[in-house]
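The values are calculated or read from the model by the stated rules, or taken from the named source; none is laboratory data. The structure displayed is predicted, hence computed values, not measured ones. With ideal geometry, Cβ positions are generated from the backbone for all residues, glycine too; neighbour counts draw on all protein chains shown. Side chains included, ligands, DNA and RNA excluded: accessible areas come from the protein's heavy atoms. Shrake-Rupley method; radii C 1.70, N 1.55, O 1.52, S 1.80 Å.
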Amino acid sequence: MSLRIALLNAAHDGAANRRNFRRELDADLVEYDVTERELPDDFAFDGCLVTGSRASVYWDEPWIADLESWVGDAIDRGLPFLGVCFGHQLLAHTLGGRVEPMDDYEIGYRTVEHDGESELLDGVSESFTVFTTHSDHVARLPPGAEQFAENDYGVHGFRKDRVFSVQFHPEYDTETAEMVTESKDELPDERVQRVVDGITEENYRAACEAKRLFENFTDYVRTVQSDATGAANGTVAADDD
């Protein structure tokens with residue numbers, strides 16, 4: 001039976017997110033354009049994913065407040081979550097962490113390291129290549145959260161209970177990487193060109209290793225689902241006795 005996952009699409013033009021996540025996730029994705037204040041009416045999902053966005057989580061915008069409120073309620077109900085970039089920051093903020101602007105923009109293919117302990121990155125080399133693009137970062141982890149990935153720019157992955165999040169973009173193809181990079185009008189032209197020049201097949205192939213986390217996340221969601229079914233069956237058996 002296919003997993004039913006809420007795709008909380010936070011991009012203002014969500015076509016690339018839609019294409020990338022539908023390609024990478026083996027699940028029935030039910031998409032919501034959260035920038036238009038679309039949110040699920042209930043919590044009848046096996047898991048949820050919050051995507052990247054050009055927005056900052058600390059902006060005073062109604063759609064961000066709505067999203068944070070729904071996500072907080074879903075987490076309280078025990079739904080597994082995966083956050084990517086903006087989603088990573090939103091989950092940190094919702095859980096009581098702090099998100100701040102960075103002194104420098106991290107963009108392009110970078111090396112990230114993980115501690116080898118997180119099941120989200122099981123099967124991924126402890127030093128691995130990813131595409132990054134962000135000017136905010138998680139400056140303080142939520143209480144009780146455990147960091148599992150980082151580089152010189154800071155936190156690139158944390159977990160708290162059933163919530164997993166990563167700062168980098170494992171879903172990007174080269175088309176998306178180029179499009180996003182070329183849209184960065186706030187960066188000098190020469191820096192944008194250097195990043196574009198680095199979007200090569202070799203770097204993309206190296207970054208594909210991190211896509212393993214999507215399979216790991218859906219495996220985790222199935223485990224949660226199985227445990228819940230087993231607990232329910234155990235309750236029924238006890239009542240029958």
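A 1.4 Å probe over all protein chains sorts 141, 187, 121 by accessible area into 141, 187, 121, starting with the largest. Determine the sum of side-chain charges near residue 58: Lys and Arg each +1, Asp and Glu each -1, restricted to other residues whose C-beta is under 11 angstrom from that of residue 58. Within the 11 Å Cβ shell, the charges total -4. Heavy-atom surface analysis with a 1.4 Å probe gives the range 147-241 a carbon and sulfur content of 44 percent of its accessible area. If you find the alpha carbon centre of the range 16-64 and of the range 173-200, how far apart are they in angstrom? Using only Cα atoms to place each centre, the spacing works out to 24 Å.
With all protein chains kept in place, the per residue accessible area of the chain amounts to 47 square angstrom at a probe of 1.4 angstrom.
Put simply, the Cα atoms of the range 1-129 extend 41, 40, 29 Å along their principal axes, the longest span coming first. Using amide H atoms built in the peptide plane, which far-off residues or other-chain residues are under 5 Å from residue 38 H to H? Amide H to amide H, under 5 Å and 5 or more residues apart or across chains, residue 38 pairs with 33. In µm²/s, what is D for the chain at 25 °C and 0.890 mPa s, where D = kT/(6 pi eta Rh) by Stokes-Einstein and Rh is the Kirkwood radius from Cα pairs? Rounded to a whole number, D works out at 134 µm²/s.
When each full DSSP H helix of the chain is screened for a Cα extent of at least 24 Å along its own axis and an average Kyte-Doolittle hydropathy of at least -0.5, the helices passing are 212-240.
Rolling a 1.4 Å probe over the protein heavy atoms leaves residue 109 with an accessible area of roughly 50 Å².
Database remark: amide H of residue 157 closer than 5 angstrom to the amide H of 148, 149, 167 (H placed geometrically; neighbours at sequence offset of 5 or more, or on other chains; Pro and chain starts carry no H).
Over the Cα atoms of the range 103-229, each weighted equally, I'd like the Debye log10 I(q)/I(0) at q = 0.09, 0.13, 0.16, 0.17 Å⁻¹, rounded to two decimals. Those come out to -0.28, -0.57, -0.82, -0.91, one per q. Each 5 Å bin, from zero up to the one with the longest distance, holds this percent of the alpha carbon pairs of the range 189-236: 5, 17, 11, 12, 11, 9, 8, 7, 6, 6, 4, 3, 1, 0.
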